[in-house]
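Scroll down for the structure; my scribbles are underneath it.
The values are calculated or read from the model by the stated rules, or taken from the named source; none is laboratory data. Remember, it's a predicted structure, so these values are computed and weren't measured experimentally. Here the Cβ is made from the backbone with ideal geometry for all residues, glycine too, and neighbour counts use every protein chain on show.
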Amino acid sequence: SGVLLQVDKMKTVFQTQSGYIEAVNGISFHIKKGETVAIVGESGSGKSVSAMSILRLLEKSGKVSSGRILFKDINLNELSDEEIRKVRGKEIAMIFQDPMSCLDPVYTIGDQIIEAIKIHEDLPKKEYYSRAVELLQLVGLPDAKARMSIYPHQLSGGQRQRVMIAIALACRPNLIIADEPTTALDVTVQAQIMELLKKLQTELGTAIILVTHDLGVVAEMADRVVVVYAGQVVEESNVIDLFNKPEHPYTEALLQSVPRIETNKNERLMAIKGSVPSLYDMPTGCRFHPRCPYASEICRQEEPPLMNLGENHYSKCWIKEKDIKKVMQNVNHNE
Ligand code: SF4
Ligand code: MG
């Protein structure tokens, strides 16, 4: 089937003073070899938490409480901390928004790439060095050899992100999870980094899960899109159908909020009326109903299922429910 990763009804909770709160409420999606799947949503939607859950990179209070995370048929959720550490970097690598927070300021770029190679590979000493130089060349850093001996602060933001990508590629992972990899960069550099990821994907066949709020990036990069709202998948589709015929009102709102390219950076964040609901106070029924222009009585009372609309296009919305009247009668009847 070529499925590399299958996330199945995953729930992620955080322990707080007032008990557990659920940040991810039963999310399912899959990614095939060499594919790019975008996970899209506003900040606070649970998209980053979902990505972090896969590699168990959550903060201490967080954990995956149920569901399966099948990678090459192994349930990552059942691995020990030691075992999951071996998967990280070697099989699945992660790229974050802010490379400075991941790079160590006191070590040279070369040392940090060599360290990444060493974690999973035993090579003769000289080979580490030449592998590291190759990786820097692969990610398009000019003067790769000279860069080996400099420190992170001596690089620009875009160059640091290239180094992070080199580190991510150090062990030839099958899957890269990239969480807002270009959000901190200016538009031109953003485009260059996206070009680089695309090129590497073609050359190396790496699958990419791209976590982003930026629909421009999605249009450029993704094969398939998973739209997340309030910890749930509300729509899933191939990228063309998602842009041409979005089915879920939330997706529709996201698309209407796509900023023009010339607007300044702060305005590039999505703006939809209302805000993402608090984890402490989830709306009943459809979680989007307080912000949805189409909300009706059933939306406030009953959670819609994720419905298959054909051609692997899924939407979690009552609008597509043909028997909406009948269902409403049932709801009324049950009261
Ligand atoms: Fe809007 Fe109702 Fe659909 Fe939710 S189920 S998105 S409230 S129409
Ligand atoms: Mg995030």
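Numbers below:
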| read-out | value |
| --- | --- |
| Any helices (runs of 4 or more DSSP H) falling wholly within the range 88-203 and containing at least 3 residues that are in contact (Cβ under 8 Å) with a residue 40 or more places away in the chain and within 28 Å of residue 35 (Cβ to Cβ) | 109-120, 157-169 |
| Counted residues, the range 279-297 - those being assigned to a loop (DSSP other than H, G, I, E, B), surrounded by fewer than 17 Cβ atoms within 10 Å (Cβ to Cβ) and either in contact (Cβ under 8 Å) with a residue 40 or more places away in the chain or of a type in the set (D, E, K, R) (or both) | 5 |
| Output for the range 181-193, where each listed residue is more than 12 Å from residue 209 (Cβ to Cβ) and either touching a strand residue (DSSP E or B) at 6+ places or on another chain (Cβ under 9 Å) or of a type in the set (D, E, K, R) (or both) | 182, 183, 186 |
| Selection within the range 75-103 - farther than 23 Å from residue 228 by Cβ and exposed (fewer than 14 other Cβ atoms within 10 Å of the Cβ) | 78, 80, 81, 82, 83, 86, 101 |
| Subset of the range 161-184 that is over 17 Å from residue 119 (Cα atoms) and small (Gly, Ala, Ser) - its residue that is nearest to ligand 1 (Cβ to nearest atom) | 178 |
| Selected residue (only one of 321, 302, 252 is within 14 Å of ligand 1 (Cβ to nearest atom), assigned by TED's automatic domain parsing to the domain that holds residue 190 and at pLDDT 95 or above) | 302 |
| The one condition in (1) within 27 Å of residue 204 (Cα to Cα); (2) not in a strand (DSSP E or B) that residue 43 fails to fulfil | (1) |
| Scope the range 134-182; condition under 23 Å from residue 201 (Cα atoms), among the β-branched types (Val, Ile, Thr) and surrounded by fewer than 20 Cβ atoms within 10 Å (Cβ to Cβ); matching residues | none |
| Verdict on residue 53 being surrounded by 16 or more Cβ atoms within 10 Å (Cβ to Cβ), hydroxyl-bearing (Ser, Thr, Tyr), outside the structural domain of residue 165 (by TED's automatic domain parsing) and at pLDDT 95 or above | yes |
| Residue that is within 16 Å of ligand 2 (Cβ to nearest atom) and out of contact with any helix residue (DSSP H, G or I) (no Cβ under 7 Å at 6 or more places or on another chain), where the choices are 98, 179 | 98 |
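Here's the yes/no breakdown for (1) among the aromatic types (Phe, Trp, Tyr); (2) more than 16 Å from ligand 1 (Cβ to nearest atom); (3) within 30 Å of residue 280 (Cα to Cα); (4) not assigned by TED's automatic domain parsing to the domain that holds residue 285:
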| residue | (1), (2), (3), (4) |
| --- | --- |
| 30 | no, yes, yes, no |
| 41 | no, no, yes, no |
| 72 | no, yes, no, no |
| 75 | no, yes, yes, no |
| 85 | no, yes, no, no |
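So that you can scan it fast, the table gives a plain yes or no per residue for (1) over 17 Å from residue 277 (Cα atoms); (2) outside any strand (DSSP E or B); (3) of a type outside the set (Gly, Ala, Ser); (4) out of contact with any helix residue (DSSP H, G or I) (no Cβ under 7 Å at 6 or more places or on another chain):
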site: 12; (1), (2), (3), (4): no, no, yes, no
site: 28; (1), (2), (3), (4): yes, no, no, yes
site: 31; (1), (2), (3), (4): yes, no, yes, yes
site: 37; (1), (2), (3), (4): yes, no, yes, yes
